[in-house]
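Below is one structure, written out as structure tokens; the observations come after it.
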Amino acid sequence: MSEVIAVIGDLVASRSRRDQAALLEAAATQFGEVNLVVTAPQQLSPTVGDEFQGVFATIESALLATLLVQLRLLAYVGIEARFGMARGSVTVTEAADPPFAQSGTAWWEARAALSDLNDKARGWPRTARAAYRGSDDALINGFLTIRDELMANFDERDAKATLGLFAGERQDDIADQLGVSQPAVSQRIHRGPLALYAAHQRMVTP
């Protein structure tokens, strides 16, 4: 496989949840919803424990997928995720079992990026939920820091409102989903979701 973006994620504080099976099933459902929206050579799928993986052709698609996963998990499962992403090669040694029988620099560096988030000496902010390794890491990690900071105080309704923006929904439609008025949605969107949406669009649009 030519140079791609590998993503390794895990669920934050999942061990504190009593019903692990229900949690993992709910998370897998949200991965499936994201897979319907973002095309990938290897779609997001659970692997071992609370981890999940995917392979994307471009950094733009990886950024969109990880953002949608974070939003959907917060909106519908009530949990956060962390992501390690990296640009590199992926070697498939057993195609029948893609999440496990693979190697390559993309996977190694994605794992290292995920570990970076635990390394306080690297200066990651408290709100950091994603890290990236690649030749363009300064730009991408700068964006991820902004993205994570914008989402730091999001609640379930903020996440749902942002998903509505990405789906191209009108504020009236988002209001109906949230059970609030359109002016209330407008106020909520301008407190954070709109800035997150705009930042993402600027990052991925040539």
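No lab work stands behind these numbers, since they all come straight from the coordinates. Everything quoted here is computed from the prediction, not taken from an experiment. Because the Cβ atoms are built from the backbone with ideal geometry, glycine has one as well, and the counts that use them run over all protein chains shown.
Structure notes:
- Alpha carbon Rg of the chain, scaled by the compact-globule rule 2.2 N^0.38 Å: 1.01
- When VAL48, VAL55 are arranged by Cβ crowding within 10 Å, least crowded first, meaning fewest neighbours, the order is VAL48, VAL55.
- Among ARG15, ARG133, ARG188, residue whose mean-square fluctuation peaks in a GNM of the chain (springs only between Cα atoms under 10 Å): ARG15
- Principal-axis tilt of helix 105-116 within the chain, Cα atoms, nearest 10 degrees: 60
- Taking ASP158, ASP19, ASP172 in turn, the Gaussian network model of the chain (Cα-Cα springs below 10 Å) assigns the largest fluctuation to ASP19.
- Stokes-Einstein D for region 154-206, Kirkwood Rh over Cα pairs, 20 °C, 1.002 mPa s (µm²/s): 194
- Per DSSP, loop GluC sites (Glu not before Pro) in region 127-206 with at most 16 further Cβ within 10 Å: GLU169
- Relative to the longest principal axis of the Cα atoms of the chain, helix 193-204 runs at roughly 40 degrees.
- Bridge type composition, region 28-162 - antiparallel percent by DSSP, nearest 5: 55
- Computed over region 4-152: relative contact order in percent, which uses C-alpha pairs under 8 Å that are six or more apart: 25
- For the chain, the 222 nm mean residue ellipticity estimated from helices alone, with every DSSP H stretch of n ≥ 4 adding -39500 (n - 2.57) and the total spread over all residues, rounds to -16000 deg cm²/dmol.
- With R₀ fixed at 35 Å, the C-beta to C-beta distance from ARG111 to GLN182 puts the FRET efficiency at about 0.20.
- SER45-ALA199 FRET efficiency (beta carbon distance; Förster radius 35 Å; 0.05 resolution): 0.80
- Taken along the Cα-to-beta-carbon direction at a fixed 7 Å, the label points for GLU156 and ARG17 span 1.3 nm.
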